[in-house]
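Quick notes on the structure that follows.
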Amino acid sequence: MDKQILIKGLGEKLRSTRRERNLTQQQLGDLSDLSYKYVGEIERAEKNPSIDVLNRIADALKVDLLELLDLIPPKTGSKEEEAKETQIAKIEKVLKNLDLDQLEKVLRIARIISEK
């Protein structure tokens, strides 16, 4: 895979994770002992951060480094497709915290909704 595509995917994952935690670039920079400008450059795929920097960012975001590296594919679709993918990612995060019984209930509800 092209290096620039990976860097762009990392930037998008960083931005989405930061926003999920309601942090500004300044706040994330302060928590990870980095410049907010550098955080922005990573998010915009202008910089290729080291593993050490990524580990500091992951610690500041309170996520495992491997979760941060679970990259979002670069955006290539329409605004509606992007919004749909964002909603699916949010649903996945909620579902991961449910037990099996709760997941079965959600599946039944989803099937009912999708039949309409």
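Quick rundown of the values:
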| quantity | calculated |
| --- | --- |
| Subset of segment 13-58 (residues that are of a type in the set (D, E), surrounded by fewer than 18 Cβ atoms within 10 Å (Cβ to Cβ) and within 14 Å of the chain's Cα centre (by Cα)) | E20 |
| Condition met for E85 (under 19 Å from G11 (Cβ atoms) and not assigned by TED's automatic domain parsing to the domain that holds I7) | yes |
| Filter result (farther than 25 Å from I91 by Cβ, assigned to a loop (DSSP other than H, G, I, E, B) and without any contact (Cβ under 8 Å) to a residue 12 or more places away in the chain) within segment 11-45 | S35 |
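The values are calculated or read from the model by the stated rules, or taken from the named source; none is laboratory data. Quick caveat: nothing in here was measured; it's all calculated off a predicted structure. All Cβ positions, even for glycine, are placed from backbone atoms using ideal geometry, and neighbour counts span all protein chains on display.
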